[in-house]
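J.: Sharing a structure, written as structure tokens. Questions coming.
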Amino acid sequence: MIKKIPVIDLKENLAVSGKSGMRDTYKPLNTIFANSSSPVDIANGLKLNGADEMYIADLDLIESKGHNINEIKMVNTILPVMFDGGVKNCESFKFFLDYAYKVIVPTETIESVDEIKKIFEIFPKQRIVVSVDIKDNELLSKNLNLTLGEFKEILKELDPNEIILLDISGVGTEKGYNTKLLDEFEEFKDKLIIAGGLNKKSLNELESLGIKKVLIGTSLHSGEVSILD
């Protein structure tokens with residue numbers, strides 16, 4: 001069975017939801033797992049319903065507008081957290097390891113390929129997740145002037161345990177997965193965690209294609225998809 005890793009985004013100490021990465025329009029999350037948008041309440045609800053880890057993105061940290069680091073640490077005592085805090089370099093990666101079980105190295109914010117390589121040289125692979133952030137079918141990055149094809153070559157060299165393929169254009173839309181992107185990353189299939197706009201139908205399709213893990217937000221919190229079905 002395909003593993004569904006629940007997703008929440010944090011902004012100003014609350015879980016929030018929105019579409020297509022337009023973060024200024026995000027609103028407090030309504031979820032079947034809690035009566036509030038408190039990340040701790042939601043984590044408890046997810047654990048009761050069978051989750052054994054979760055993904056959290058700190059939108060304030062990613063956009064350099066503050067942080068929700070204390071909430072992350074509390075949630076990590078309930079469920080192991082795969083954390084995206086907008087890692088820029090090896091130093092920030094090391095800092096976040098005190099707050100979460102796994103720390104994401106995103107193409108969106110990392111300063112250079114050298115910093116990614118440094119992280120892989122120093123820290124155990126089981127605590128590193130590379131996020132290939134994609135918008136409009138191109139690599140999304142503030143600092144890396146690379147095509148998707150060029151970044152794939154770097155991934156081959158690094159050989160990470162887990163690679164998130166995040167189609168930011170699809171976030172919150174429930175439109176399904178990006179077939180073109182999945183085809184491009186076919187050689188990494190056993191390592192992939194597919195994310196961005198997944199719905200119930202796409203989960204069945206991905207499972208039939210041999211994908212082992214997905215990140216799931218909107219359709220999970222609405223009740224359309226359950227953690228263990």
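Every read-out reported here was derived from the displayed coordinates using simple, explicitly stated rules and does not represent laboratory data. Not measured: the values here are computed from a predicted model. Heads up, the Cβs are rebuilt from the backbone with ideal geometry, glycines too, and the neighbour counts pull from every protein chain shown.
J.: Compute the length gained on full extension between Asn145 and Val40: take 0.36 nm times their separation in residues and subtract their Cα-Cα distance, giving the result in nm to one decimal. Write out the running numbers ahead of the final one.
T.: Numbers: separation 105, 0.36 × 105 = 37.80 nm, distance 3.77 nm.
Roughly 34.0 nm would be gained on extension.
J.: What order do you get for Met1, Met74, Met82 when you list them from fewest to most C-beta neighbours inside 10 Å?
T.: Values: Met1 8, Met74 15, Met82 25.
Arranged by neighbour count, lowest to highest, Met1, Met74, Met82 become Met1, Met74, Met82.
J.: Quick one: dipole size for region 22-95, taken about the Cα centre, charges +1 on Lys/Arg Cβ and -1 on Asp/Glu Cβ, in debye to the nearest 20. Mind dumping the intermediate values first?
T.: On the way: 7 positive and 10 negative charges, 9 e Å.
That gives region 22-95 a dipole magnitude of about 40 debye.
J.: Continuing with this model, one more query. In this model, which of Lys94/Lys201; Lys27/Lys118; Lys27/Lys47; Lys3/Lys152 are farther than 27 Å apart at the alpha-carbon? Before the final figure, lay out the partial values.
T.: Numbers: Lys94/Lys201 38 Å; Lys27/Lys118 37 Å; Lys27/Lys47 23 Å; Lys3/Lys152 24 Å.
Cα-Cα > 27 Å for Lys94/Lys201; Lys27/Lys118; rest within.
J.: Follow-up. Roughly speaking, what is the stretch gain from Glu111 to Asn49, that is 0.36 nm per residue apart minus the C-alpha to C-alpha distance, in nm to one decimal? Write down the numbers at each step before the final one.
T.: On the way: separation 62, 0.36 × 62 = 22.32 nm, distance 3.78 nm.
Gain on stretching Glu111 to Asn49: 18.5 nm.
J.: Further question: Using the Karplus equation 6.51 cos²θ - 1.76 cosθ + 1.60 (θ = phi - 60°), what ³J(HN,Hα) coupling, rounded to whole Hz, does each residue of region 101-109 give in order, writing x for Gly and Pro?
T.: Whole-Hz 3J(HN,Hα) from phi for region 101-109: 6, 10, 10, 8, 9, x, 5, 4, 10.
J.: Also: Looking at the chain from every direction and averaging, what is the projected area of its Cα convex hull in nm²? Spell out each step's value before the answer.
T.: Details: hull surface 43.5 nm².
With the hull built on Cα positions only, its mean projection is 10.9 nm².
J.: Okay, next question. Once the Cβ-Cβ distance between Ser222 and Lys180 is put in as r, and R0 is 35 Å, what FRET efficiency do you end up with, to the nearest 0.05? Walk me through the numbers on the way to the answer.
T.: On the way: r = 26 Å, r/R0 = 0.76.
My answer for the efficiency is 0.85.
J.: Does anything in region 204-228 have its amide N under 13 Å from the 7 Å Cα→Cβ label point of Asn30, and if so which residues?
T.: Residues 221-223 qualify, since their backbone N sits under 13 Å from the label point.
J.: Another one. Report for the chain the percent antiparallel among DSSP-assigned beta bridges with both residues inside it, nearest 5. Please report the intermediate quantities before stating the final value.
T.: Values: 7 of 37 bridges.
Approximately 20 percent, going by the DSSP bridge assignments.
J.: Could you sort 140-152, 4-16 so that the peptide with the highest average Cβ count within 10 Å comes first and the rest follow in order? Could the numbers behind the result be given before it?
T.: Values: 140-152: 14.5, 4-16: 22.1.
Result, highest mean Cβ count within 10 Å first: 4-16, 140-152.
J.: What's the magnitude of the charge dipole for the chain around its Cα centre, counting Lys and Arg as +1 and Asp and Glu as -1 at the beta-carbon? Answer in Debye, nearest 20. Provide the component values of the computation, followed by the final result.
T.: Numbers: 28 positive and 37 negative charges, 94 e Å.
Rounded to the nearest 20 debye, it is 440 debye.
J.: Cα centroids of region 1-17 and region 90-116: how far apart, whole angstrom?
T.: Region 1-17 and region 90-116 have Cα centres spaced 19 Å from each other.
J.: What does the charge count around Ile128 come to, taking other residues whose C-beta lies under 10 Å from its C-beta (Lys +1, Arg +1, Asp -1, Glu -1)? The partial results should precede the final answer.
T.: Numbers: positive: Lys102, Lys125, Arg127; negative: Glu162.
Surrounding charge for Ile128 is +2.
J.: In addition: If each residue of separation counts as 0.36 nm, what is the full-extension length gain between Phe123 and Leu209 once their alpha-carbon separation is subtracted?
T.: Details: separation 86, 0.36 × 86 = 30.96 nm, distance 3.13 nm.
So the chain would gain 27.8 nm between Phe123 and Leu209.
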